[in-house]
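Trainee: This is the structure I have questions about; it appears just below.
The values are calculated or read from the model by the stated rules, or taken from the named source; none is laboratory data. Being a predicted model, the structure only gives us computed values, none of them experimental. A quick note on method: Cβ atoms are made from the backbone with ideal geometry, for glycine too, and the neighbour counts reach across all protein chains shown. Accessible surface areas use protein heavy atoms only, side chains included; no ligands, DNA or RNA. Shrake-Rupley method; radii C 1.70, N 1.55, O 1.52, S 1.80 Å.
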Amino acid sequence: MKRTRTAALALAAAAAAVAPALGQASAAAAPGTGYLQDPAGGEKEMKSQWTKDQKHKLEGQVRFHPGIQYETVARPARPGDPRDERRVADPSTLAWMPSYEFAWAVSDVLVNKGLTTKNGKHPIVVRAVLRDARGAEAAEVEQKLTGQPATGRQKVAGSKRIACDTGEYTVEWSVTRTHYGTVTGKLRWDSSCERYRTAFSTENGGA
């Protein structure tokens, strides 16, 4: 019987994240904390936009979680292992299941004080479109969030699998606060699964 495992791992650290997990009998891949972020940097790095009257500011950020997914298959246990079999990743089942994490901050200028404050409840719309190298839409997510705090973060699961090694993609994203404006951005992602395939093949070779 095959088992499906999913992990969101950074492309840059994929080999490092997968390799330690391959020796574990209880998991097919270690859960990763990696992602691609626009704008690059830490949690407080944001793209921003002021309203025309300079009284309101909207900030936004997106983190793209590629989400590697695969199935495991049974293989004979190694010499000395008391189990009858072990489970290893099946490289032929590799695929991506992306998700999208949005952050926002809404600021209002305090009259006559020259300071900004972040408070109240806000309607926020988050959206992302994943496009292939030809510009065709491969996946899309959109959520309308009501009654949100002035600063927040929301992860939206994708519903489309993306095949391995299908080239480079562009994530076009936006965060909108009604009557304040829209912050937009883009980031690029390479769908290659080669480093996972190499790591899995090394483990499977011990069978």
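Trainee: Probe radius 1.4 Å, ligands and nucleic acids ignored: give me the carbon and sulfur share of the accessible area of segment 127-207 as a rounded percent. Mind dumping the intermediate values first?
Mentor: Working: 1920 of 4350 Å².
Its accessible area is 44 percent carbon and sulfur atoms.
Trainee: Taking square-rooted eigenvalues a ≥ b ≥ c of the alpha carbon gyration tensor, is segment 84-125 rounded, prolate or oblate, where a/c under 1.5 means rounded and, failing that, a/b exceeding b/c means prolate?
Mentor: Details: a/c = 5.89, a/b = 4.54, b/c = 1.30.
Taking the square roots of the gyration eigenvalues as a ≥ b ≥ c, segment 84-125 is prolate.
Trainee: Per residue, how much accessible area does segment 118-207 have with a 1.4 Å probe, in Å²?
Mentor: On the way: 4810 Å² over 90 residues.
I get 53 Å² per residue for segment 118-207.
Trainee: Greater than 21 Å separation of Cα atoms is the criterion. Which listed pairs, Lys47/Lys160; Lys44/Lys186; Lys55/Lys118; Lys52/Lys118; Lys52/Lys155; Lys121/Lys155, meet it? The partial results should precede the final answer.
Mentor: Details: Lys47/Lys160 27 Å; Lys44/Lys186 18 Å; Lys55/Lys118 12 Å; Lys52/Lys118 19 Å; Lys52/Lys155 30 Å; Lys121/Lys155 19 Å.
Checking Cα-Cα distances, Lys47/Lys160; Lys52/Lys155 exceed 21 Å.
Trainee: Also, I was wondering about something else. Going by the alpha-carbon gyration tensor, a ≥ b ≥ c the square roots of its eigenvalues, is segment 77-201 rounded (a/c under 1.5) or, if a/c is not under 1.5, prolate (a/b greater than b/c) versus oblate?
Mentor: Values: a/c = 3.54, a/b = 2.16, b/c = 1.64.
Note, shape of segment 77-201 comes out prolate.
Trainee: Filter the trypsin sites (Lys or Arg not before Pro) in segment 46-88 to those in DSSP coil with at most 13 other Cβ atoms within 10 Å of their Cβ, and list the result. List each step's numbers first, then the result.
Mentor: On the way: sites: Lys47, Lys52, Lys55, Lys57, Arg63, Arg83, Arg86, Arg87; in loops: Lys52, Lys55, Arg83.
Those satisfying the criteria are Lys52, Arg83.
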